[in-house]
Amino acid sequence: MTDLAAPAAALRATLRDRIARVFIGPERIVDHLLVALIAPGHVLLEGVPGVAKTTLAKAFSATTGCDFRRIQFTPDLLPADITGSYILNLRDQQFVLRKGPVFAHVVLGDEINRAPAKTQSALLEAMQEGQVTIEGETLRLPEPFLVLATQNPLEQEGVYPLPEAQVDRFLMRSSSSTTPTWPERSGCWPRTTTHPPPSSASSIRPPSWPCEPRRRPSTSAPRSFAISWVWRGRRATTTRCGSGRVPARA
């Protein structure tokens, strides 16, 4: 156990450092994702829109070298849209399997409570057994397999609460607060004054880029005003939900 402590701590520090290049938020959420990936397990991310839940999922999968797929849950989403189905190949007149987005290492279920229980249940077998059954054929999912599901805890209109059987499939439930810390306040400015935005992976300047990345004026007065305005808006009792952490695009 002692021999594994040092490599695990180094892996955790490297993962935090690379994800922090694009994600501004509590480091404990990154720890939760790492634990769920190794355990293995799944994580339910709760938070209002704009707190970079999708950005975190993309950065985590890119940093760990895992395949990433995103499923936008809607009321008209079908179970076959998640697991896949057999379609007719007109060339040879045979049915071939078209795998769904669940066949990936990291699967992001965005706004999972927007879909009815019938569609949500399509993830039960995948999350518990690491496999899916399509037309009576059982197929194994790639390993490691991690489901990151997001839901908005504030809006309750037009949503379908997760059944207890599905909530039990999640190893952890992590909430992303909208109240910024001092590192977040100081770290959000470089991410909103550069174009293109920073990336968690090594970036290469495109040959067709006409000029160097441009910067907006970054004097101290506008910077302090912008950060304080966002900070006060998040803490105000009359505000339902404050500004998010998603970097602005030029």
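Values quoted throughout were computed directly from the atomic coordinates according to the rules given, and no laboratory measurement underlies them. As the structure is a computational prediction, the values presented were derived from the model and not from experiment. Because the Cβ atoms are built from the backbone with ideal geometry, glycine has one as well, and the counts that use them run over all protein chains shown.
Here is how the numbers come out for the structure above:
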item	result
From phi via Karplus (6.51, -1.76, 1.60), per-residue ³J(HN,Hα) for segment 112-121 in Hz, x at Gly/Pro	5, 7, 7, 9, x, 4, 4, 6, 4, 5
Ranking of VAL22, VAL51, VAL159 by count of other Cβ atoms within 10 Å, fewest first	VAL159, VAL22, VAL51
Given charges at Cβ of Lys, Arg, Asp, Glu: segment 1-139 dipole, positive-most of VAL107, GLY50, ILE134	GLY50
Charge dipole magnitude, Cβ of K and R +1, D and E -1 - segment 49-101, Cα centre, debye nearest 20	160
Charge-dipole axis of segment 1-143 as Lys and Arg at +1 and Asp and Glu at -1 on Cβ define it, positive-most pick from THR14, GLN120, CYS66	THR14
For segment 26-142, size of Cβ-based charge dipole, Lys and Arg +1, Asp and Glu -1, in debye	220
Ranked list, fewest to most other Cβ atoms within 10 Å of each Cβ, for LEU77, LEU124, LEU37	LEU124, LEU77, LEU37
Distant-in-sequence amide H partners of LEU141 (H built 1.01 Å from N, under 5 Å)	GLN131, VAL132
Whole-Hz ³J(HN,Hα) from phi, Karplus 6.51 cos²θ - 1.76 cosθ + 1.60, for segment 11-23, glycine and proline x	5, 5, 5, 5, 5, 4, 5, 6, 6, 5, 5, 10, 10
Residues LEU34, LEU123, sorted so that the one with the fewest Cβ neighbours within 10 Å comes first	LEU34, LEU123
Positive minus negative residues near LEU15 (Lys, Arg vs Asp, Glu; Cβ under 11 Å)	0
In order through segment 60-67: 3J(HN,Hα) via Karplus (6.51 cos²θ - 1.76 cosθ + 1.60), integer Hz, x for Gly, Pro	5, 5, 5, 5, 7, x, 9, 5
